[in-house]
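Participant: Let me give you the structure first, and then I'll get to my questions.
Taken together, the values in this text are just the output of simple stated rules run on the coordinates, not laboratory data. This structure is a prediction, so every number in the text was calculated from the model and none was measured. No Cβ is skipped: glycine too gets one built from the backbone with ideal geometry, and neighbour counts run over all protein chains shown.
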Amino acid sequence: MKRADYGMYQTDLEFALEQVQEIAKTVVAGNAAQVDQMAQWPEEAIRALQKAGLAGLTVPEEFGGLGHGSFAVAQACEILGQECASTAMCFGMHLVGSAVLSAKATPDQQIRYLRPIVEGRHLTTLSLSEAGTGSQFYIPRTRLDSVSVDLYRANGAKTFVTNGGYADSYVVSTVASDPNGPLGQFSCVVIPATAEGLRWGQPWSGLGMRGNSSMSLDLDDVVVPRIDLLGEEGDQIWYVFQVVCPIFLMAMTGTYLGIAGAALEEARNHLLKREYSETGGGLSELPIAQHRLGCLWGKLERTRRLCYHAASSFDAGDPDALPAVFTAKAEVADCAIDIVNEVMTLCGGIAYRGGSKLHRLLRDARAAHVMAPTTDVLRLWTGRALLGKPILGQ
Ligand SMILES: Cc1cc2nc3c(=O)[nH]c(=O)nc-3n(C[C@H](O)[C@H](O)[C@H](O)COP(=O)(O)OP(=O)(O)OC[C@H]3O[C@@H](n4cnc5c(N)ncnc54)[C@H](O)[C@@H]3O)c2cc1C
């Protein structure tokens, strides 16, 4: 089953996506089972994506990148997610981190971070979540104290840092510059992996997304030069809604579309293959199986269209795009989990047997509801946007 052409391709994006497709087929697919079984960070795939010049997908062209937005991120992650959701998530988080770094990059940050990213020599990632605030990822408690005109000191504890221990830098959220300021008014800094005082927790061993290396990270008196502050102190609410949400949500949206598409493909292959030697005929001849497959295709296709419509509206600067972007990730979470679940039934006992690909898809899909912004939170945000109420209000 081919992905639909939404008429949005530009020549360079088409070329970039062909490269992603090639790497997905030649590298990602073959490693997916091992990445899952061994909870192995997808090193070979990430290096191949970097080597192909794709690491700068979200870095603006003026800084040497490919200059794409959320639509391209969703497409790239869908292609990768169809083969290995962990790889899609790891690369997606790099693309989000790169977009945050790019949004207000100073000339110095362009040289030290964006240039190596574009040249495939630097992997970054986003570190927002904390145990103490959970789903409310926009209220960090990690402190950023000023120690001199040139330096801050960061102290705190982050959780679930995708690419943890493998990235070259971490985009870290810290407490509001003004504790009495509005919700979401926090600051972001970029911290190189080599900084003193970064202490990693246990290796990641999740139910799914097992290649993610989503580790916890303690920041113990980490010295942060002021030149590594992103934007202005406390202006992260702007980043949350203008960069993090669209790019991050579309990275996840693409990944879970990939999972759902892979499950549908498993169903189709199974129906075509399953023959009954004693009673004769095949599963694909049963109207109930045909009907179920048709329903699943419809569910995936309408979700996919919503997702790509939301992404292209945001990229085109539509001021009303945000509710669609919020809803896209919530819908795709429901869609991916439902589809994998249904395909498990459609594929019968064979799917339930140990080692089936559907096991991995089922476990990977389950991350969709709990990765922030969670499905619950996104539904709330959409409702608030429609009611004209503050998105981050109580
Ligand atoms: C595989 C994986 C990778 C991840 N990678 C990253 C990463 O790279 N960077 C990063 O920063 N984080 C990452 N996360 C963290 C993820 O974003 C958190 O799981 C998320 O913030 C949820 O936090 P929590 O587990 O504390 O949930 P809780 O806050 O305990 O929430 C539990 C449930 O309650 C609901 N809930 C809680 N509060 C509210 C509320 N106010 N309104 C409505 N519903 C609510 C939630 O929707 C959720 O379903 C990752 C997580 C996973 C599983």
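Participant: Relative contact order of region 126-234: what whole-number percent is it, with Cα pairs under 8 angstrom and at least 6 residues apart?
Facilitator: 31 percent
Participant: Something else about it: Based solely on its DSSP helices, what 222 nm [θ] is calculated for the chain when runs of n ≥ 4 H residues each add -39,500 (n - 2.57) and the sum is averaged over all residues, nearest 500 deg cm²/dmol?
Facilitator: Helix-only estimate at 222 nm: -14500 deg cm²/dmol.
Participant: As an exercise, identify the GluC sites (Glu not before Pro) in region 201-274 lying in DSSP coil whose Cβ has no more than 11 other Cβ atoms within 10 Å.
Facilitator: In loop regions of region 201-274 (DSSP not H, G, I, E or B), the sparsely surrounded GluC sites (Glu not before Pro) are GLU232.
Participant: Listing MET250, MET89 from the residue with the fewest other Cβ atoms within 10 Å to the one with the most, what is the order?
Facilitator: MET89, MET250
Participant: Using only Cα atoms, what Kirkwood radius does region 318-364 have, in angstroms?
Facilitator: 12.2 Å
Participant: If you look for lysine pairs in the chain that are eight or more places apart or on different chains, how many of them have Cα atoms under 30 Å apart?
Facilitator: Within the chain, the lysine pair count is 26.
Participant: Another question, if that's okay. Express the relative contact order of the chain as a whole percentage, based on alpha carbon pairs under 8 Å and six or more residues apart in sequence.
Facilitator: 17 percent
Participant: Here's another thing I want to ask about it. Kindly point out which whole DSSP H helices in the chain project their C-alpha atoms 24 angstrom or further along the helix axis while averaging a Kyte-Doolittle hydropathy of 0.0 or above.
Facilitator: 85-103, 249-273, 321-346
Participant: Separate question: List the trypsin sites (Lys or Arg not before Pro) in region 311-394 that DSSP assigns to loop (not H, G, I, E or B) and whose Cβ has at most 15 other Cβ atoms within 10 Å. Which are they?
Facilitator: In loop regions of region 311-394 (DSSP not H, G, I, E or B), the sparsely surrounded trypsin sites (Lys or Arg not before Pro) are ARG353.
Participant: With an 8 Å cut-off on Cα pairs and a minimum separation of 6 or more residues, tell me the relative contact order of region 11-122 in percent.
Facilitator: Relative contact order comes out at 31 percent.
Participant: When the chain is treated as a GNM, springs tying every alpha-carbon pair under 10 Å, which of ALA351, ALA55, ALA324 comes out with the largest mean-square fluctuation?
Facilitator: ALA351
Participant: Using r as the Cβ-Cβ distance of GLU265 and TRP200, and R0 as 25 Å, what FRET efficiency do you calculate, to the nearest 0.05?
Facilitator: 0.10
Participant: Quick check on region 237-387: what does the Kirkwood estimate of hydrodynamic radius come out to from the alpha carbon pairs, in Å?
Facilitator: Across region 237-387, the inverse of the average 1/r is 16.5 Å.
Participant: In addition: Compute the normalised compactness of the chain: alpha-carbon radius of gyration over 2.2 N^0.38 Å, N being the residue count.
Facilitator: The reported ratio for this selection is 0.99.
Participant: Using the Cα centre as the reference, give the magnitude of the dipole from point charges on the C-beta atoms of the chain (Lys, Arg: +1; Asp, Glu: -1; all else neutral), rounded to the nearest 20 debye.
Facilitator: Magnitude of the dipole: close to 860 debye.
Participant: While we're on this one: To the nearest 0.05, how large is the calculated FRET efficiency for VAL223 and THR345 if R₀ is 56 Å and r is the Cβ-Cβ distance?
Facilitator: 0.55
Participant: Would you kindly calculate the translational diffusion coefficient of region 202-318, applying Stokes-Einstein with the Kirkwood radius from alpha carbon pairs, for 37 °C and a viscosity of 0.692 mPa s, and quote it in µm² s⁻¹ without decimals?
Facilitator: D, rounded to a whole number, is 173 µm²/s.
Participant: Let me ask another. With springs only between Cα atoms under 10 Å, which of ASP36, ASP12, ASP221 fluctuates most in a Gaussian network model of the chain?
Facilitator: ASP12
Participant: Still on this structure, please answer the following. Computed on alpha carbon atoms, what radius of gyration and Dmax characterise region 11-122, expressed in Å?
Facilitator: 13.6, 43
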